[in-house]
Amino acid sequence: MTNRYVSGIQPSGDLHLGNYFGAIAQHLNLQHLPGEQYYFIADYHALTSLKDGKKLKGFTRQIAATYVALGLDTDKAVLFKQSDVPEVQELAWMLGCVLGAGVLHRCHAYKDKVEKGLTANVGLLTYPVLMAADILIYGGTHIPVGSDQIQHIEVARDLAQAFNSAFGAKIFSKPEAYLGTAPLVPGTDGHKMSKSYGNTIPIFARGKALKKRINAIVTDSKVPGVDIFEPDNCNAFSIFELMAPPAQVDELRKSYCSLNFPGYGQTKKLIIEAHNRCFGAAYDRYLELIDLDNTEIDEILKIGAEKARARARVTINKCRKVTGLD
Ligand code: ADP
Ligand code: TRP
């Protein structure tokens, strides 16, 4: 069976290191493996929290430009906008009709977002059903995401099975979460880095803007020359570890454990250098792509939408047939 990697990112804010190390880096690596890749900008999902059309459009373009600047080969991977395939809403409706409503009230992401002050709208509640439709409509087998999405993929697995058994048809197979090496990246406050929590370090930033975000990383009040610093208990060290080569990580680890360590200012300086090394060149390319006079991104998304829609139509036609909606 062909491996189909399917994943989405919401255009609800600037992309950050959590998105990169939790999801995008895997998407880029997977393009070197056999199989098909469908990566989309989850604009329907973003509407659950964002009510500003101009911003939605801007963030959508940003995500596409980020993927391309970081090296996604869009001849191989299908890159598109979720709402360019409206069939996914039709499938979400069909799936919603085989799911008990209680399941959605138990999803952590819903509960967390409502606790953090987001309005408990119907879109936010039924979010996992649309996500299941996103996955199943392209026949997704492997879903490269961060660990916060595991429960949603469980819902997609249950829905695949529930739909098949409700209609006595073998249309869907169960997708699996596909986690990378950094499934939960901490934010500047030590909690999960997330666009909704104001604790992010952007992928693309430099100079003062970057320095401001790195300086916001919360550290403890240990005193250099007196206290021994603990790398495994240090948020700044964890962030550095994501971006730096292993030899540099080892060196900093040793330095933490000696009385010569000058303090967290040193870690933050090294984080800025590592960030520039990882993303500096791609940032220049990103700035070219994001320019509104540049139509490259629009063309890539248009071609992606055509490919994704063709695949989605095959699935939706089967579903219409077994449900009697054809
Ligand atoms: P956010 O939580 O910032 O709104 P999204 O929900 O759009 O981000 O997530 C897009 C992808 O990035 C998902 O695969 C998600 O699991 C991953 N991701 C987001 N934040 C993190 C994080 N802090 N650590 C690891 N992966 C993350
Ligand atoms: N819910 C995902 C997130 O917030 C985004 C998403 C929407 C997604 N549909 C998906 C991820 C399908 C993987 C597969 O991160």
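Here are some notes:
- Residue match in the range 251-263 (condition: closer than 30 Å to residue 90 by Cα and open to solvent by less than 80 Å² (accessible area, probe 1.4 Å)): no
- Selected residue (criterion: nearest to residue 204 (Cα to Cα)) from residues of the range 6-39 that are open to solvent by 10 Å² or more (accessible area, probe 1.4 Å) and of a type in the set (Phe, Trp, Tyr): 20
- Any hit, the range 116-128, residues being among the charged types (D, E, K, R) and at pLDDT 95 or above: no
- Of all the listed residues (101, 65, 77), the sole one being more than 16 Å from ligand 2 (Cβ to nearest atom) and open to solvent by less than 10 Å² (accessible area, probe 1.4 Å) is 65.
- Number of positions in the range 186-208 that are in contact (Cβ under 8 Å) with a residue 12 or more places away in the chain and either within 13 Å of ligand 2 (Cβ to nearest atom) or surrounded by fewer than 18 Cβ atoms within 10 Å (Cβ to Cβ) (or both): 9
- Scanning the range 40-54 for residues that are among the hydrophobic types (A, V, I, L, M, F, W, C) and open to solvent by less than 60 Å² (accessible area, probe 1.4 Å), we see that the one that is nearest to ligand 2 (Cβ to nearest atom) is 42.
- Among the residues making up the range 117-131, those that are away from ligand 2 (no atom under 14 Å from the Cβ) and either part of a loop (DSSP other than H, G, I, E, B) or surrounded by 15 or more Cβ atoms within 10 Å (Cβ to Cβ) (or both) are 117, 119, 120, 121.
- Test for residue 292: is it without any contact (Cβ under 8 Å) to a residue 60 or more places away in the chain, out of contact with any Asp or Glu (no Cβ under 9 Å at 6 or more places or on another chain) and surrounded by 15 or more Cβ atoms within 10 Å (Cβ to Cβ): no
- Scanning the range 237-253 for residues that are outside any loop (DSSP other than H, G, I, E, B), of a type outside the set (S, T, N, Q) and under 22 Å from the mean Cα position of the chain (by Cα) yields a total of 5.
- Condition check for residue 54: without any contact (Cβ under 8 Å) to a residue 24 or more places away in the chain and more than 14 Å from residue 298 (Cα to Cα): yes
- Some residue of the range 223-236 being over 29 Å from the mean Cα position of the chain (by Cα) and in a helix (DSSP H, G or I): no
- Considered as a group, the residues in the range 212-222 that are outside any helix (DSSP H, G or I) and more than 17 Å from residue 191 (Cβ to Cβ) include one that is most open to solvent (accessible area, probe 1.4 Å), and that residue is 221.
- Residue satisfying all of: in the range 132-152; among the aliphatic types (A, V, I, L, M) and near ligand 1 (Cβ under 10 Å from one of its atoms); most open to solvent (accessible area, probe 1.4 Å) among these: 150
The values are calculated or read from the model by the stated rules, or taken from the named source; none is laboratory data. The structure presented is a predicted model; accordingly, all values stated were derived computationally and were not measured. All Cβ positions, glycine included, derive from the backbone under ideal geometry; neighbour counts span all protein chains shown. Accessible surface is based on the protein model in full, side chains and every heavy atom, while ligands, DNA and RNA are left aside. Shrake-Rupley method; radii C 1.70, N 1.55, O 1.52, S 1.80 Å.
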